[in-house]
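The values are calculated or read from the model by the stated rules, or taken from the named source; none is laboratory data. None of the values given here were measured: they were computed from a predicted structure. Virtual Cβ from ideal backbone geometry, glycine too; neighbours counted across all protein chains shown. Note: accessible area is taken over every heavy atom of the protein model, side chains too, but ligands, DNA and RNA are not part of it. Shrake-Rupley method; radii C 1.70, N 1.55, O 1.52, S 1.80 Å.
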Amino acid sequence: MTELRSPGRRVAGLPDWDRCAVMGVVNVTPDSFSDGGRWFDTTRAVKHGLDLVTEGADLIDVGGESTRPGAARVDAAEELRRVVPVVRQLAAEGVTVSVDTMRARVAEESLAAGAALVNDVSGGLADPAMLPVVAAAGAPFVLMHWRGFLEGATVHGEYADVVAEVVEELAAGLEHATAAGIDPERIVVDPGLGFSKDAEHDLTLLAHLDRLTALGRPLLVAASRKRFLGRVLAGPDGAPPPARERDAATAAVSALAARQGAWAVRVHEVRATADAVRVVQAVEGAR
Ligand code: PMM
């Protein structure tokens with residue numbers, strides 16, 4: 001119990017949840033691999049975010065650009081058009097909103113529209129203005145492990161020891177972000193499952209989350225519907241189930257991550273994960 005109440009569960013500038021938090025995903029994109037196109041208009045995206053809160057999400061992550069391998073980049077004006085109105089309306093409803101973007105301008109305008117947190121899958125590497133913008137705003141920041149844009153699933157995916165290298169590269173990212181003026185108490189780290197990583201890498205990282213929490217910062221785990229789960233669930237013919245049939249497996253990962261002290265899990269389907277993190281909290285409370 002004590003380790004689950006540790007500073008690993010607290011991020012300056014965000015509400016304090018007394019268990020692993022649930023981050024619900026709203027992708028305002030026509031082409032996300034897992035829920036492509038379903039929430040691609042402001043009204044529907046806002047409604048979906050509010051529904052996820054009703055189902056038990058503690059915060060909502062709004063993104064306007066797909067990070068799918070091979071996806072073309074969206075231009076900044078289009079990303080702003082997709083994301084900012086959704087952020088503004090959800091924040092106005094009292095929702096804690098995270099903005100999933102690699103662009104400083106989108107981060108800045110989303111923070112001005114009420115976002116509480118910036119989630120950058122490039123860890124500040126894709127846009128040199130990102131870290132200064134986050135620092136100037138005093139905003140919390142998710143620093144994900146990233147080795148570059150993905151043209152193929154495992155581009156830059158060579159590791160001798162995936163856990164050691166991800167830990168080392170995240171530590172370098174933490175130093176970089178802190179040197180740019182971001183308060184370390186506001187930084188969350190994330191292993192970036194599926195980003196320049198194959199299924200074995202993802203599973204190995206999930207088996208060693210303790211090595212990531214040893215970085216001393218809260219940990220976000222985003223396994224939802226990812227390729228490695230398709231591989232784990234594949235039938236005898238080796239065919240993975242479609243992304244939307246991976247939600248029970250996602251909830252299982254949520255329980256494992258919560259049990260290992262993750263600060264939050266990022267998921268598309270909230271209800272099962274909201275139950276999973278509550279069960280873990282109850283069992284831990286009975287120790
Ligand atoms: N994965 C996706 C998008 N955003 N953010 C963080 N912090 N960590 C991730 O692993 C991550 C992310 C993948 O895209 P999806 O929303 O289509 O699943």
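Going by what's in this entry, would LEU229 be described as within 22 Å of LYS197 (Cα to Cα), part of a helix (DSSP H, G or I) and open to solvent by 30 Å² or more (accessible area, probe 1.4 Å)?
no
So which of LEU215, LEU174 ends up being part of a helix (DSSP H, G or I) and without any contact (Cβ under 8 Å) to a residue 60 or more places away in the chain?
LEU174
Which residues, taken from the range 125-171, are free of Cβ contacts under 8 Å to residues at least 40 places away in the same chain, farther than 18 Å from ALA104 by Cβ and not small (Gly, Ala, Ser)?
Answer for the range 125-171, where residues must be free of Cβ contacts under 8 Å to residues at least 40 places away in the same chain, farther than 18 Å from ALA104 by Cβ and not small (Gly, Ala, Ser): GLU158, ASP161, GLU165, GLU168, GLU169.
Looking only at the range 113-129, count how many residues are in contact with an Asp or Glu (Cβ under 9 Å, 6 or more places away or on another chain) and within 10 Å of ILE182 (Cβ to Cβ).
Going through the range 113-129 one residue at a time, the tally reaches 1.
Contact list please: Cβ distance under 9 Å, first residue in the range 185-197 and more than 8 Å from the ligand (Cβ to nearest atom) and open to solvent by less than 10 Å² (accessible area, probe 1.4 Å), second residue assigned to a loop (DSSP other than H, G, I, E, B) and among the polar types (S, T, N, Q), pairs at least six apart or on different chains.
Cβ pairs passing all conditions: SER196/THR154; LYS197/THR154.
Name the single residue, out of those in the range 198-209 being open to solvent by 10 Å² or more (accessible area, probe 1.4 Å) and not aliphatic (A, V, I, L, M), that is nearest to the ligand (Cβ to nearest atom).
Only one residue fits best here, namely HIS201.
For (1) assigned to a helix (DSSP H, G or I); (2) modelled with pLDDT under 95; (3) open to solvent by 60 Å² or more (accessible area, probe 1.4 Å), each residue gets a yes or a no:
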residue	(1), (2), (3)
PRO236	no, yes, yes
ALA252	yes, no, no
ALA255	yes, no, no
VAL265	no, no, no
GLN281	yes, no, no
